[in-house]
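Right, one structure below, let's go through it.
Just so it is clear, none of the values below were taken in a lab; they were calculated from the coordinates. The model shown is predicted, which means the values in this text are computed figures rather than measured ones. Every residue, glycine among them, receives a Cβ derived from its backbone with ideal geometry; neighbour counts consider all protein chains shown.
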Amino acid sequence: MTQTQEPIIQICDVHKHFGTAVHALRGVSLEVYPQEVVVIIGPSGSGKSTLLRCINHLEKVNRGRIIVDGIPLDKAQNINRVRAEVGMVFQLFNLFPHLTVMENIVLAQRVVRKRSLEQAREIARNLLAKVGILEKENAYPGQLSGGQQQRVAIARALAMQPKIMLFDEPTSALDPEMIKEVLDVMLELADEGMTMVVVSHEMGFVRAAADRVVLIDNGQIIEQGPPQELFDNPQHERTKRFLSQILH
């Protein structure tokens, strides 16, 4: 990762309201560079997931602008172009329960990337092997463990060959023994140079994979920096308080 390059994600003074009561994001500005792994941490309800969902326009911002890979998220045509280059993995897998693992991974490749069935299947098999569950290609999501379902979701996102991967608390719905299998796949992606923005509570993963940690609280960025710096020498009182609760 080198910051002599242009940022691949530019978030400029973004505000997001839910009705009149909730000001979820309050002037957030953040740049993410190619091949950088940025992990967003913070208390529940602080705006972490909302910020992630704004990057591919699952949430529409009320003020400010977001530019992804040089494309501003300002009109439908641009939003679709950005979504084709950004993979997203959710907390609750979002697999189609009536489709097999293979069908889940092939579907968007056929519709969006216009690949032949043969080509889409080959890509799917390679990715299932990569995430360690090739033998499950004909299973349905309901027949898989949570960790296996999340690895299918990662394979499905990767099948689109995205430039950026977004992960929204990808392990928080998993049993403790399944968390490692998902984090291992994410670590491998980080090692391969995938640009990633991750909302996570897994501090071991943050230390191992993050180039930069961003603490958000009450819709604002409080502090950011390399994990070792942020964890060992936080500058802001709010950061110290938050870290004292999660780092034992």
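Cross-link partners of residue 60 among aspartates and glutamates, defined as those whose alpha carbon lies under 13 angstrom from its own and excluding same-chain residues fewer than eight positions apart: 74. Qualifying GluC sites (Glu not before Pro) in segment 137-218, where qualification requires a DSSP coil assignment and no more than 12 other C-beta atoms within 10 Å, comprise 192.
Excluding residues fewer than 8 places away in the same chain, name every one of the lysines whose C-alpha is closer than 17 Å to that of residue 180. Of all the lysines, those that pass the test against residue 180 - Cα under 17 Å, at least 8 places apart if same chain - are 130. Under the classification rounded if a/c is under 1.5, otherwise prolate if a/b is larger than b/c and oblate if not, where does segment 57-106 fall, given a ≥ b ≥ c as square roots of the Cα gyration tensor eigenvalues? Since a/c reaches 1.5 and a/b is larger than b/c, the shape of segment 57-106 is classed as prolate. Our summary of shape: the Cα atoms of segment 119-162 have principal axis extents of 25, 18, 15 Å, ordered from largest down, in whole angstrom. Listed by chain and number, the aspartates and glutamates placed with their C-alpha closer than 19 angstrom to that of residue 114 are 85, 103, 122; residues fewer than eight positions away on the same chain are left out. Per residue, the average separation of C-alpha pairs within less than 8 Å and at least 6 apart gives segment 1-152 a relative contact order of 18 percent. The C-alpha radius of gyration of segment 1-53, expressed as a fraction of 2.2 N^0.38 Å, stands at 1.30.
To the nearest 500 deg cm²/dmol, what mean residue ellipticity at 222 nm is calculated for the chain from DSSP H runs of n ≥ 4 alone, each contributing -39,500 (n - 2.57), summed and divided by the residues? Value at 222 nm, helices only, nearest 500: -11500 deg cm²/dmol. Segment 206-247 and segment 158-204 have Cα centres separated by 19 Å. Only beta bridges with both residues in the chain are counted; by DSSP, about 55 percent of them are antiparallel. On C-alpha positions alone, give me the angle between the axis of helix 176-191 and the longest principal axis of the chain, in degrees, nearest 10. That helix lies at roughly 90 degrees to the long axis. Remark: the residue 12-residue 218 segment gains 72.4 nm on full extension, using 0.36 nm per residue and subtracting the alpha carbon distance.
Rg/Rh, computed from the Cα trace of segment 156-248 with Rh as the Kirkwood radius, has the value 0.98. Placing +1 on each Lys and Arg Cβ and -1 on each Asp and Glu Cβ, with no other charges, gives the chain a dipole about its Cα centre of roughly 900 debye. Binning all Cα-Cα separations of the chain at 10 Å, short to long from zero, yields these whole-percent fractions: 7, 30, 36, 21, 5, 0. Residues of segment 177-205 with an amide N closer than 17 Å to a point placed 7 Å from the Cα of residue 245 along the Cα-to-Cβ direction: 200-203.
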